Structures are given as structure tokens and as C-alpha cells.
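Trainee: Sharing a structure with you now.
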Amino acid sequence: MLFSDIADTFAKLESTSSRLEMTSILADFFKGLEPSDLRDIIYLSQGKLHPDFYPVELGMADKMVLRAIASASGFKDDKVEEMWLKEGDTGTVAEKLISGKKQMSLFSQPLTLKSVVSDLTKIETSEGKNSQEAKVKTLSGMLHDSGPTEARYICRIVSGRMRVGASAMTILDALAQCYADKESRPEIERAFNVTCDMGLVGEVLAKDGMEGVRNIQVKVGNPIKVMLAERLPSLGEVIEKMDGRCAMEFKYDGMRAQAHITKDSIKIYSRRLENLTDNFFDVGERLMQNLKGNEAIIEGECVAIDPDTGNMLPFQMVTHRRRKHGLDSAIRDIPVRIFMFDILYLDGKDLTNLPYEERRNILSQAFDMDDMVTLTTMEIVEDETQAESFFDKAIGAKCEGVMAKSLSDASVYRAGSRGFLWIKYKKDYHEALTDTFDLAVVGAFYGMGKRAGKYGALLMAAYDQDTGDFCTVCKLGTGFDDAFLDAMPALLDSTKVKDMPTNVKTGLDPDVWFEPKVVLEVAGADLTLSPNHKAAYGWVKDDAGIGIRFPRYTGRVRDDKSAEQATNVSEIFDMYEMQFSDGL
Ligand code: ATP
């Protein structure tokens with residue numbers, strides 16, 4: 001398969017912002033592909049060679065990519081760099097300069113999918129003293145054999161900024177359209193949610209059809225998309241929604257961890273599938289020791305503990321564990337305890353389809369519990385008074401609130417979905433007007449006065465799961481201390497882009513645009529209709545979206561969340577509606 005066909009398809013995808021059009025471009029292209037080629041193409045469309053959770057990233061520094069472009073195009077280094085400063089994207093520079101080549105050399109070979117994957121693998125795996133040079137040489141060789149469009153995407157892939165706009169959901173739509181039908185779409189998505197590996201799902205579907213997809217099971221080592229909770233504004237409504245009876249657990253204020261445990265290996269993933277094994281290696285070792293069986297996948301909340309008093313410490317303390325530098329001392333000084341709340345797999349059995357109570361029983365017997373590995377505090381509650389007193393206990397123990405969990409037969413573990421099988425109820429709902437929002441930064445406005453020369457305000461967006469767009473909900477300029485104002489460029493500038501990304505929807509025009517990557521926690525007074533903001537646009541009123549009034553940064557960078565895990569537009573809409581019921 002020629003790489004030029006793949007690059008042309010990427011270019012077609014990039015030229016449209018319509019999800020339907022992208023789906024049909026992909027579905028047409030997928031037809032008749034070899035299953036293993038399809039797998040590689042799916043990864044490449046996301047700018048990768050492997051699924052998201054694979055620990056190694058291609059990520060070549062821009063300066064190295066520019067050197068390879070110079071060498072392949074024959075232009076001088078400073079001319080290439082000058083153009084890059086203007087364009088801000090190595091892909092565009094490569095495309096322009098490679099098209100400026102007089103003619104392809106006699107010795108150039110057409111790029112194939114196989115040759116591209118093999119060269120990218122060489123770049124990914126080269127290590128040691130001369131590895132930088134070796135990477136530049138391999139890339140320059142690929143560019144030498146490229147046409148302009150191929151060069152654009154090769155450079156974007158190696159520099160970790162692919163951006164063709166086809167989200168995971170669009171690829172799943174295209175797979176369903178090409179190899180199955182609309183009705184099979186949820187089953188295809190389930191397979192993706194339990195493996196986090198779209199390439200694998202595509203390959204199995206192309207090879208074995210829906211039968212194969214239905215047989216895809218959770219597997220130790222492959223992270224599973226986490227199940228998420230809905231929110232309600234009062235405990236009374238929680239109990240009512242749960243039909244008068246549910247399990248209630250403390251909602252701990254820590255970091256979610258999904259641990260994949262075998263007798264001789266452990267992997268701990270964050271909720272956005274980052275590998276945090278080294279950051280929590282003490283917890284990991286203890287989980288391995290305490291597991292009574294051979295293999296398990298569990299979920300729990302890692303919470304920092306005050307070594308003197310044994311009390312739980314706030315979320316900020318556990319984030320010290322995310323450091324690259326000083327991790328050893330963070331592990332030594334800040335002990336962590338894991339409060340386990342779910343088990344998804346044990347000794348050959350996928351448990352995700354069992355109801356909550358059965359999973360909880362299995363979990364409680366699967367481990368020896370101790371000071372580091374323990375279960376969440378849980379009680380069965382049958383009315384609002386019991387729920388109130390459990391909630392008070394949770395707050396007394398320094399938790400954020402409670403998680404109500406359905407006891408119905410249908411209370412399976414629904415990977416990757418937010419629903420009313422779990423309902424969160426937090427202290428904030430008691431004290432303030434609304435819950436907090438986790439929003440993606442999509443733009444910035446330069447500051448004035450004391451903030452001159454810095455970013456003075458940020459444009460913040462919620463995620464629309466149906467369209468894959470980031471829709472703005474507020475301009476955020478409050479809650480920034482001096483340290484944060486100074487830290488903003490380092491946090492955001494690597495995501496800077498020249499134009500508004502096609503997946504951002506807003507009526508505002510910031511000075512700087514960012515690709516949605518960084519997520520911040522924002523509190524607000526209430527939700528209101530706004531013509532400038534595009535979240536849930538037209539849902540309540542034709543020419544207005546929903547915006548957050550008086551937004552304030554809480555001081556929490558949600559680096560445990562990817563932009564797609566930001567508060568989504570339907571949650572914003574539900575919260576808007578809730579304002580008109582008694583609670584929020
Ligand atoms: P939040 O910002 O409220 O933490 P979220 O968007 O990260 O919410 P939700 O599904 O809304 O995720 O809330 C569940 C989160 O609460 C989980 O991701 C987990 O980290 C945490 N948590 C704490 N205690 C529990 C518990 N007992 N059961 C499930 N999740 C818990």
C-alpha cells in the first residue's frame with residue numbers, strides 16, 4: 001500500500017470539519033484494506049504507531065525535524081527555521097519546501113505503509129549516544145522519498161502533532177459503516193472501551209467481523225476506559241433516582257488508579273491512561289504482595305496520608321507523586337494509601353458484566369487488606385436520613401463527598417461511560433452554587449496593567465462528545481496568583497497554534513489559540529445563556545449557548561484528565577437545568 005494514498009486521505013480529512021464527511025471519507029478508504037494495514041493506518045491517523053497507552057512516544061523535537069527537512073530539501077538551516085517561525089508547524093514547512101524541490105532524485109523510492117512504519121519504528125526505538133543523529137538521518141531519508149503531502153504528515157507524526165481532526169469516535173463510526181452497520185456501533189465502542197486499542201478493534205473487525213468484536217475481553221495490561229458518575233443536586237434526589245436503596249461510598253479526594261496486577265508485574269494507569277507505575281511503585285508492590293490470586297485488574301483512589309496523624313491529606317499532596325524530579329523524596333515523605341472501589345478482572349474472568357454487589361464481594365476477598373491497600377468505606381443506605389449521616393461521616397473523614405452506586409441487576413461496570421449507575425454528591429454542592437468544571441484551555445487574551453506581557457485571561461471550553469468539538473463556556477481571568485501567571489507560558493505554549501483549531505467552537509476571538517490539551521478546574525457562580533459561548537448552542541434558546549458566570553480558577557491543573565475528559569456539554573446542560581430545581 002502506497003503511503004501517498006494514506007497521506008491524501010489525511011489531507012481530505014483535514015479539509016473538512018464535518019464529522020459525517022470525515023466518517024464517509026474514512027469508511028470509503030477502509031474498504032478492502034488488509035486487516036493489519038488497517039490497524040497501522042488507524043494508529044497513524046492519531047499520529048501514533050501504537051495505542052494511546054503505549055509507553056513510548058515518537059515526539060522528536062521540532063529543531064531536529066527542521067534539520068531533517070533542511071537536509072532532504074537542500075534548503076539552508078536558517079531559511080527552514082525562519083519559515084517555521086512564521087508557520088509554527090513543521091508539517092507545513094516540509095510540505096512547502098519539499099514541493100520546492102526541482103525534481104525527485106533518480107534514487108528515490110516511493111514510500112509504502114510498511115516502509116513508513118518501519119522507519120518510524122527505527123526513530124522511536126533508537127537510543128544511546130548517536131541516537132539524535134540517527135533519527136534525523138532516518139527522517140531525512142523518508143522526506144527525500146516523499147511528495148509534499150506525505151512530507152506534511154510524516155513531520156506532524158514525528159513531532160507528535162498530527163491533528164487531522166478524526167477523533168476516536170469518528171473512526172469507530174467509520175469502522176461500523178464500512179464493516180458492520182449502525183446497530184453494531186455500540187458493540188464496537190464497547191470493545192474499544194475495554195481495550196483502549198482502536199487499532200486492535202479495527203483489525204479484529206476486518207478479520208473476524210462482529211463475532212470477533214463481541215469476543216474481545218478485558219486483558220491484564222490493556223487499560224480499560226473508566227466508568228464515570230453523574231451528579232445530582234441533593235441526597236434526596238440521589239436516593240429517589242436509586243429507587244430508594246443504594247450503596248454509598250466515601251468519595252476520596254485523590255487520584256484514580258487502575259492497577260493491572262500479575263504475580264510478577266504491575267502496571268498502574270491514570271484515568272487518562274498514563275502509566276503511573278513508577279509514581280506509585282510502593283502501592284504497586286503492595287498490591288502484588290496482597291493479591292491472593294494470580295491476576296487482577298482493580299480500581300481505586302490513591303490518597304496522600306499524613307505520616308504523623310494517619311489522616312487523609314488533600315488532593316494537591318498526592319499530585320507530588322506525578323513529579324519526574326524529586327519523585328524519590330515524594331514517595332518517601334508522602335505515604336499513599338489506595339482505597340479500592342472496583343474489580344474488573346480476576347484470574348481469567350472478565351467481571352465487568354457482574355452487578356456491583358458481586359464485584360464488591362469478590363474485591364473484598366481478593367486481597368489481604370492493610371495500612372496501604374484497603375477498601376473504600378461503604379454502607380447500604382435506604383433513605384435520605386441515612387444518606388445524610390453517611391455524607392457527614394465522609395466529610396468528617398476529609399473526603400469530598402459520597403458516591404452512590406446502584407444495586408440493581410443492571411449495575412455492571414460500564415467502561416467509558418458516564419451514567420446514573422454511579423451518582424456523585426459533593427461537599428461543594430452543599431456550600432457553593434455549583435459543582436466545579438474541568439475545562440480545556442483553547443485560547444488566551446494578553447493581559448493589561450499589572451498583567452501586561454502575560455496571558456491575562458484564558459478561553460475555556462467544554463467537550464461535546466457527539467461532535468468531537470470543544471465549545472467555549474467562559475473567559476477565565478480570576479483566581480490566578482502570580483506564580484500561575486508566570487507559569488502559564490510553560491504550561492500552554494507547546495499547544496499554541498496559528499489559527500483557531502477546527503474542533504473549537506466559540507464566538508470570541510482570543511489573541512492566541514491553543515490546541516485543546518491542558519485542563520483546568522474552574523468554579524462558577526451559575527450558568528447562564530450567552531451568545532458568545534457555544535456549549536449546548538441552540539439547546540435552550542436558538543441563538544445562545546450556555547456560559548459560566550463569574551468563573552474562577554480553583555488552582556487545580558487537572559493533568560490527570562485529557563481534553564476529551566473535560567466536563568462535557570451535556571453535563572453543562574444538565575447543570576443548567578438543575579439550577580431550576582431545588583439544589584444547585
Ligand atoms: P471529579 O472531578 O468529581 O473527581 P471526575 O470527572 O474526575 O469527577 P467522576 O466520575 O465524576 O469523575 O467522579 C468519580 C471520580 O471520583 C473517580 O474518577 C475517582 O477518581 C473518584 N472517586 C473517589 N472515591 C470514589 C469511589 N468510592 N468510587 C468511585 N470513584 C471514586
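The values are calculated or read from the model by the stated rules, or taken from the named source; none is laboratory data. Being a predicted model, the structure only gives us computed values, none of them experimental. For neighbour counting, all protein chains shown are included, and Cβ atoms are generated from backbone atoms with ideal geometry for every residue, glycine included. What goes into the accessible areas is simple: the full protein's heavy atoms, side chains included, and nothing from ligands, DNA or RNA. Shrake-Rupley method; radii C 1.70, N 1.55, O 1.52, S 1.80 Å.
Trainee: When all alpha-carbon pairs of the stretch 228-431 are counted, what percent fall beyond 25 Å?
Mentor: The answer is 37 percent, as a whole percent.
Trainee: Moving on to the next point. In a Debye calculation with equal point scatterers on the alpha-carbon sites of the chain and no solvent, what is log10 I(q)/I(0) at q = 0.06, 0.09, 0.12, 0.13 Å⁻¹?
Mentor: -0.33, -0.77, -1.38, -1.57
Trainee: Let me ask something else about it. Among the lysines, which have Cα under 27 Å from the Cα of Lys137 when same-chain residues fewer than 8 positions away are ignored?
Mentor: Straight-distance partners of Lys137: Lys48, Lys63, Lys76, Lys79, Lys86, Lys96, Lys101, Lys102, Lys114, Lys122, Lys129.
Trainee: Further question: State, in angstrom, two size descriptors of the stretch 515-584 derived from its alpha carbons: Rg to one decimal place and Dmax to the nearest whole number.
Mentor: Every Cα atom of the stretch 515-584 included, Rg and Dmax give 12.8, 38 Å.
Trainee: How big is the Kirkwood radius of the stretch 128-231, worked out from every pair of different alpha carbons and given in Å to one decimal?
Mentor: 16.5
Trainee: State, to one decimal in nm², a quarter of the convex hull surface area for the C-alpha atoms of the stretch 437-578, i.e. the direction-averaged projected area.
Mentor: 7.9
Trainee: Then there's this: So how much slack lies between Lys182 and Gln386, counting 0.36 nm per residue of separation and subtracting their Cα-Cα distance, in nm?
Mentor: 69.0 nm
Trainee: So how do Ile380, Ile123 rank on accessible area, 1.4 Å probe, biggest first, that is with the largest at the start?
Mentor: The ordering from most to least exposed comes out as Ile380, Ile123.
Trainee: Can you list the aspartates and glutamates whose alpha carbon sits under 14 Å from that of Lys498, skipping same-chain ones fewer than 8 residues off?
Mentor: Lys498 reaches Glu87, Asp89, Asp509, Asp511, Glu515.
Trainee: My understanding is that a pair violates if its Cα-Cα distance is over 23 Å; which of Lys424/Lys541; Lys207/Lys561; Lys475/Lys534; Lys241/Lys424 do that in this structure?
Mentor: Going by Cα-Cα distance, Lys424/Lys541; Lys207/Lys561 fall outside the 23 Å limit.
Trainee: Which FRET efficiency value, to the nearest 0.05, do you get for Met369 and Asn311 by plugging their Cβ-Cβ distance into 1/(1 + (r/R0)^6) with R0 = 22 Å?
Mentor: Once the sixth-power term is evaluated, E becomes 0.70.
Trainee: How charged is the neighbourhood of Arg286? Take every other residue with its Cβ under 10 Å from the Cβ of Arg286, and add Lys/Arg as +1 and Asp/Glu as -1.
Mentor: Counting the neighbours of Arg286, the net charge comes to -4.
Trainee: Counting just the Cα atoms, what span does the stretch 47-159 cover along each of its three principal axes? Round to the nearest Å and put the largest first.
Mentor: That works out to 39, 30, 26 Å along the principal axes.
Trainee: Measure out, as a whole number of angstrom, how far apart the alpha-carbon centroids of the stretch 285-304 and the stretch 436-463 sit.
Mentor: 40
Trainee: Continuing with this model, one more query. If each Cα of the stretch 1-71 is one equal point scatterer, what is log10 of I(q)/I(0) from the Debye formula at q = 0.17, 0.18, 0.23, 0.27 Å⁻¹?
Mentor: -0.81, -0.88, -1.12, -1.21
Trainee: With charges only on Cβ, +1 for K and R and -1 for D and E, what is the dipole size of the chain about its Cα centre, in debye, rounded to 20?
Mentor: Details: 72 positive and 93 negative charges, 368 e Å.
Around 1760 debye, computed over the chain.
Trainee: Now for a different question. Given charges of +1 on the Cβ of Lys and Arg and -1 on the Cβ of Asp and Glu, with all other atoms neutral, how large is the dipole of the stretch 228-431 about its Cα centre, in debye to the nearest 20? Display every interim value, and only then the final one.
Mentor: Values: 28 positive and 36 negative charges, 154 e Å.
Dipole of the stretch 228-431, to the nearest 20 debye: 740 debye.
Trainee: Treating cross-link reach as a plain straight distance, find the lysines whose alpha-carbon is under 17 Å from the alpha-carbon of Lys427, omitting any fewer than eight places away in the same chain.
Mentor: Counting by Cα, and skipping residues close in sequence, Lys427 has these lysines nearby: Lys251, Lys393, Lys398.
Trainee: Let me ask something else about it. Please work out how much length the chain gains when fully extended from Thr262 to Lys31, using 0.36 nm per residue of separation minus the C-alpha to C-alpha distance, in nm with one decimal.
Mentor: Fully extending the segment from Thr262 to Lys31 adds 79.2 nm.
Trainee: Continuing with this model, one more query. Rounded, prolate or oblate: which fits the stretch 507-555 when a ≥ b ≥ c are the square roots of the eigenvalues of the alpha-carbon gyration tensor, with rounded for a/c under 1.5 and prolate only if a/b beats b/c?
Mentor: Oblate shape, in that a/c is at least 1.5 and b/c is the bigger or equal ratio.
Trainee: Moving on. Ratio of alpha-carbon Rg to the 2.2 N^0.38 Å globular estimate for the stretch 374-424, to two decimals, please.
Mentor: 1.24
Trainee: Between Asp347 and Lys454, what FRET efficiency comes out of the Förster formula 1/(1 + (r/R0)^6) with R0 = 60 Å and r the beta carbon distance, rounded to 0.05?
Mentor: 0.65
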